[in-house]
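This report refers to the structure that appears directly beneath it.
Just so it is clear, none of the values below were taken in a lab; they were calculated from the coordinates. None of the values given here were measured: they were computed from a predicted structure. Glycine gets a Cβ as well: all are built from the backbone with ideal geometry, and neighbour counts include every protein chain shown.
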Amino acid sequence: MVADLADRGYGAIGVWFLRALLLIPFVLMAPEVGSAILGRPGAVANISASVADVLGTSTFLIFVLMLTVTPLRTITGWRWHLILRRDYGIAMFATAALDITLAATTTGDTFPGTPLTRVGGHSFLVAGTLSTLLLVPLVITANRPAQQWLGRHWKSVQRLTYAVWAMILVHLFLLFGLTSIFLDALAVSAPLALMRVPPVRRWWDSARRADRHRALRAVAAAVMLTVFASGFVPLARELAERGAAAFVQQPVRD
Ligand code: HEM
C-alpha cells in the first residue's frame, strides 16, 4: 500500500528532491573556486583548507546514499527510488573528480612537491586516489549500451563498488585511526553491509512478500536505522559546518 502510493505519486517529487541535493558540494565550493579563477589573494589556500573536508565528506555521503538504495528496496519494497542508484553513482564520481583535481592543484601548502605528491605522497592520499580511480570503470559502464556489451561480466565490474567501499574505509582509517570519522563511516557501513549478505536479503525479501515476521522486521529496521543515523548525522553535521565555512570563504583550518 505505502509502496504503491510512493511508486505512483510522491516518487517523482522525491527523486527530483534527492537529485537536487547532489548540487550541494558544487554550490559550497563555488565561491572559493570562483575567487581562485579571478586570482584573488588567499583563494588557493582557502581551497586547500576546504577541499578534503567539503568534497571528501560529500563524496562519502553520496556513496552512502547510493548504497542505501538497494537495502531500502529490500526493506520497503519501494521501486520509485531505484533510478537514484545510477544518478548517485555518477554524482559521486563528479564530486570525487573535482576533489582530486583541486587536491592536485591547490594543496601545495600542505603537501609540498609536484601534483603527483599531492595525490600520492602519503599512504592515506594513495588510498583516497585509488578510491577515486576505481570509480572510473564503474561510471563508464553505468549505462545500458555498456551493460549490453558486457553481458554477464557487467555485474563483476559493478562489484568494484565493494573495492571502492573498502578503499574509502582504509583512507579514513589511515587518517583518523579508530576515532571520529572512521567510526562514523563504520556505523553507516554496518547496516548497509548486513542487508547485502545474501541469506539476510533473501529472508527479508520473502518475509516482506509473504507479510510474515512484521514485528521482528520492524525492530530490526529500527535498530539498523539507529546505527546508520549514529554515523550519518555527525558526517552530515561535519559537511554543514565545513561547507558553510567554505561558502563564506573562511574555511576551518586544522
Ligand atoms: C572516493 C574518494 C574519497 C572519499 C570518499 C574521501 C572521503 C574523505 C572524508 C570523509 C574525509 C574526512 C573529512 C573531514 O575531516 O571533514 C577525508 C579527508 C581527507 N581526504 Fe579524502 N576522500 C576521497 C578522496 C580523496 C583524495 C583523492 C584525496 C587527495 C589526493 C583525499 C585527501 C584527503 C585528506 C588530505 C583528508 C584530511 C583532511 C583534513 O582532515 O584536514 N581524499 N576524505
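Miscellaneous remarks
- The relative contact order of the stretch 23-154 comes to 22 percent, based on Cα pairs under 8 Å that sit 6 or more residues apart.
- Calculated [θ] (222 nm, deg cm²/dmol) that DSSP helices of n ≥ 4 give over the chain, each run adding -39,500 (n - 2.57): -24500 deg cm²/dmol
- Two-site label geometry, R202 and V15: point separation in nm, points 7 Å out along Cα→Cβ: 3.1
- Using every pair of separate Cα atoms, the Kirkwood estimate puts the hydrodynamic radius of the stretch 19-173 at 16.7 angstrom.
- The angle between the Cα long axis of helix 198-210 and the longest principal axis of the Cα atoms of the chain comes to about 50 degrees, rounded to the nearest 10.
- Note on the chain: GNM, Cα springs under 10 Å; of L135, L172, L18, the largest mean-square fluctuation is that of L18.
- Selection from V170, F60, T74, by position along the positive dipole direction of the stretch 2-247 (Cβ): T74
- Each Lys and Arg adds +1 at its Cβ and each Asp and Glu adds -1 at its Cβ; summed about the Cα centre, the chain shows a dipole of about 1220 debye.
- Applying D = kT/(6 pi eta Rh) to the stretch 43-113, where Rh is the Kirkwood radius over alpha-carbon pairs, T corresponds to 25 °C and eta to 0.890 mPa s, the Stokes-Einstein value obtained is 182 µm²/s.
- Sites V233 and T110 - FRET efficiency at Förster radius 35 Å, r taken between beta-carbons, to 0.05: 0.80
- When the Cα positions of Y88, L102, F232 are compared along the charge dipole of the chain, Y88 comes out farthest toward the positive end, with charges on each C-beta of Lys, Arg, Asp and Glu.
- Ranked for footprinting exposure by Cβ neighbours inside 10 Å, fewest first, I62, I90 give I90, I62.
- Of all segments of the chain bounded by trypsin sites (Lys or Arg not before Pro) found in a DSSP loop with no more than 15 other C-beta atoms within 10 Å, the longest spans 1-78.
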